[in-house]
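Below is one structure. I have some questions about it.
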Amino acid sequence: MLRLETERLVLRPLGTGDFEAYYSYTSVPENMVYTIFGPFTPEEARKFLEMYENWWKEDPPRVYEFAIMLKKENGKMIGNCGLYMDDEKRATAMLGWYIHRDYWNQGYATEAVKALLKFGFEDLELHRIHAECNTDNIASARVMEKVGMRREGHFIKNRFDRVGDRKMWYSEFFYGILREEYLNKQPLYGGKEDRLMDFFEVVDKRYSYRGEFLDTPVPREDLIKIVTAGIKAPSARNLQTQSFLIVTDADLRAKIAEIIPQKGIATAPVLILLVSQRQELGPMKVSFELKDYGAAAENILLAIAALGYATVWTDGETSMIPERQEKLAELLGIPEDRSVRAVLPVGIPKDPGGKQAPRKPFDELVKFNRYS
Ligand SMILES: Cc1cc2nc3c(=O)[nH]c(=O)nc-3n(C[C@H](O)[C@H](O)[C@H](O)COP(=O)(O)O)c2cc1C
């Protein structure tokens, strides 16, 4: 029997033997507000389970509907999820899921949907997976964003169907993800294990990526995590001289790419600019500003790598050329007392798998106690 496993869940084919658990949530109106069918009578629930079971008997199945079972609580079934082939070409499919309301808000849907994506792209070798949801169904939209699906459409009152206990015209979000996006988004997907890297792996895996990016947007949630890592970097006397400009607007990005002609900057779906407040030089002819900037930049680079995106620290190409500085300041409304120190392209790399540049031998760089 097909079995998919995640950290906390086991997914296996759903069938008529699962009536009790299936009916326990598909019969509850609160659980079925945004679902196309339901809430179910016992007869309807049995009919659906029979249908799922029969689909599993097809070779190959056109629908793969799984029971979602907890590893703890003696393998209790807490929901179901499935992949529905769009047609006989078996290149694209829709996904969907239900979780028992007692188990909402614990990340189980995200974990199950990630397993479905892995199964769909790695085992079924699909080209694209998509799903739709009512725009009021914020929890479902968030699940799709968390697993890296892109919001590709916002249809206004496009569908006349049941919402809760009445039928109405409602709006839908359409989400999609392509095979190459799934495979390139290391290490969140496509790796041996579906998990975030630990800190030392991030330090080890971070590298300067100088190629082109896929146009897959970086979710706002990830951007906030990334710049927050910059805000949390140490700052001399805690003067907090660093600020951050996130540019997602396509016209502005194109104009920045004209100023700094670099493949990554021209193709990345988002640019993060490190905007630094100039400081008086101290007696040692240095300012804290640059030290703060270095700390913030490295935290940001590590956060980008930890979330599975790529970037490169383009400082030489930005802050060392006064003419570019001036053009950026004018284009982006940078205040007089601040300057753009770096433009970081962020996104999913088109050619992943790069490596950090080699380092000098450990013994050359590190001494214990006395330098010589
Ligand atoms: C202050 C600073 C400025 C940099 N400026 C650029 C740049 O303008 N363009 C670029 O391609 N890389 C730039 N880099 C990236 C370095 O070239 C890169 O980190 C180094 O070669 C080591 O490679 P790695 O990042 O893969 O470990 C910069 C790095 C730092 C710390």
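Counting only other residues whose beta carbon sits under 12 Å from that of F48, what net charge do I get with K and R as +1, D and E as -1?
Working: positive: R46, K47; negative: D18, E43, E44, E50, E53, E65.
Net local charge, F48 excluded: -4.
Label point 7 Å out from E323 along Cα-to-Cβ: which residues of the range 250-276 have amide N under 20 Å?
254-263, 265-266
Can you give the FRET efficiency to the nearest 0.05 for R62 and K360, using r as the Cβ-Cβ distance and R₀ = 35 Å?
Working: r = 57 Å, r/R0 = 1.64.
The computed FRET efficiency comes out at 0.05.
OK, next. Taking springs between alpha-carbon atoms closer than 10 angstrom, which of L307, L124, L178 fluctuates most in the Gaussian network model of the chain?
L124
Quick one: which of 358-364, 76-82, 215-221, 11-17 comes out on top by average Cβ neighbours within 10 Å, and what's the full order, highest first? Spell out each step's value before the answer.
On the way: 358-364: 7.4, 76-82: 22.1, 215-221: 16.3, 11-17: 18.7.
Averaged packing, sorted descending, gives the order 76-82, 11-17, 215-221, 358-364.
Something else now. Between F160 and E180, what is the spin-label point distance in nm, taking each point 7 Å from the Cα along the Cα→C-beta axis?
Simple spin-label model gives 4.1 nm for this pair.
Distance in nm between label sites at K118 and W169, each 7 Å beyond Cα in the beta-carbon direction?
The answer from the label model is 4.3 nm.
Next up: Find the percent of Cα-Cα distances in the chain that exceed 35 Å, and round it to a whole number.
Details: 26317 of 69006 pairs.
Counting pairs separated by more than 35 Å, the tail of P(r) holds 38 percent.
When all C-alpha to C-alpha distances in the range 220-346 are sorted into bins of 10 Å, what percent of pairs does each bin hold, rounded to whole numbers?
13, 46, 34, 7, 0
So, one more: For the range 283-336, which trypsin sites (Lys or Arg not before Pro) are both in a DSSP coil and crowded by at most 11 other Cβ atoms within 10 Å? Walk me through the intermediate numbers first.
On the way: sites: K285, K291, R324, K327; in loops: K285.
Counting only loop positions with at most 11 other Cβ atoms within 10 Å, the trypsin sites (Lys or Arg not before Pro) in the range 283-336 are K285.
Let me ask you something else. At 0.36 nm per residue, minus the direct Cα-Cα distance, what do D351 and L2 gain on full extension? Give it in nm, one decimal, please.
122.4 nm
Compute the label zone of K232 within the range 263-304: residues whose backbone N is under 20 Å from the point 7 Å along Cα-to-Cβ.
The answer is 272-275, 292-304, whose backbone nitrogens lie closer than 20 Å to the label point.
Another one. If the chain between H127 and T41 were fully stretched, how many nm would it gain, using 0.36 nm times the residue separation less the Cα-Cα distance?
Gain on stretching H127 to T41: 27.3 nm.
Here's something else I'd like to know. Give, in whole angstrom and from largest to smallest, the semi-axes √(5λ) of the equivalent ellipsoid of the range 227-273, with λ running over the eigenvalues of the Cα gyration tensor.
Working: eigenvalues 146, 21, 16 Å².
Over the Cα atoms of the range 227-273, the semi-axes work out to 27, 10, 9 Å.
Something else: Taking the Cβ of each residue in H154, H127 as the centre, tally the other Cβ atoms inside 10 Å and list the residues starting with the fewest.
Values: H154 11, H127 14.
Taking fewest neighbouring Cβ atoms as first place, the list is H154, H127.
Read the figures in this text as sums done on the coordinates, not as results from a lab. Everything quoted here is computed from the prediction, not taken from an experiment. With ideal geometry, Cβ positions are generated from the backbone for all residues, glycine too; neighbour counts draw on all protein chains shown.
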